[in-house]
Amino acid sequence: MGLFDRFKKEETLNLGTYDDNCVIAPADAELVDVKNLSDIMFKEEMMGPSVAFKLKGSKVYSPSNGTLEVLYPSGHAFAVRMKDGTGLLVHIGINTVKLKGKGFKTLAVQGQTVKAGDPIVEVDLKTIKNAGLDDTVILIKTEEGSDPPSFKKKLGKVKLGDIIS
């Protein structure tokens, strides 16, 4: 690692430009049924309409344009507020708050403006699995804005940038 490597800005992928009302898959993943999750809050969509992903890589990206309203220091969850007021929560794994940040690296700063596809968190899935925890990523619409998204729930492979709402 060179002297200036630690100052490099995390690269943003060139996925193109998305409308402010679009929600994209936050990673290359397998879209799975939330009804099969072990946590009742996620399984029954108690926090709002949800979709769940099994990651194929190690990074989780912003699912929309907006403001990174919340970024937990532990890296296990973050929230983006879309311009129309819609709130999106991305929760990486189930009960991963117990890891107290182990296996997570934040790549963004709370309060910054983000675009769909900007990198937010890097996660070591082995750390989650070795702790005996579920590594499913859940995307939840927590509040509705003026044009609330409804998730496309076709199960199967999705690529980072695929429009899911």
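The numbers here are math on the coordinates, done by the rules we state, and not lab data. Everything numeric in this text was worked out from a predicted model, so none of it was measured. Cβ sites come from the backbone with ideal geometry, for glycine too, and all protein chains shown count toward neighbours.
For a quick check, take a GNM of the chain with Cα springs below 10 Å and name the residue from Asp84, Asp135, Asp118 with the largest mean-square fluctuation. Looking only at Asp84, Asp135, Asp118, the biggest GNM fluctuation is shown by Asp84. The modelled label-to-label distance between Val70 and Lys54, using points 7 Å beyond Cα along the C-beta direction, is 2.8 nm. The distance linking region 103-141 with region 20-36 is 13 Å (Cα centroid to Cα centroid, whole angstrom). Cβ-Cβ distance of Glu143 and Asn36, R₀ of 25 Å, FRET efficiency by 1/(1 + (r/R0)^6): the value works out to about 0.45. Fully extending the segment from Leu125 to Lys152 would add 7.2 nm, taking 0.36 nm per residue of separation and subtracting the current Cα-Cα distance. Sorted largest first, the spans of the alpha carbon positions of region 31-158 along the three principal axes are 41, 31, 24 Å.
Dipole magnitude for the chain: computed about the Cα centre from +1 point charges on Lys and Arg Cβ and -1 point charges on Asp and Glu Cβ, it is near 540 debye.
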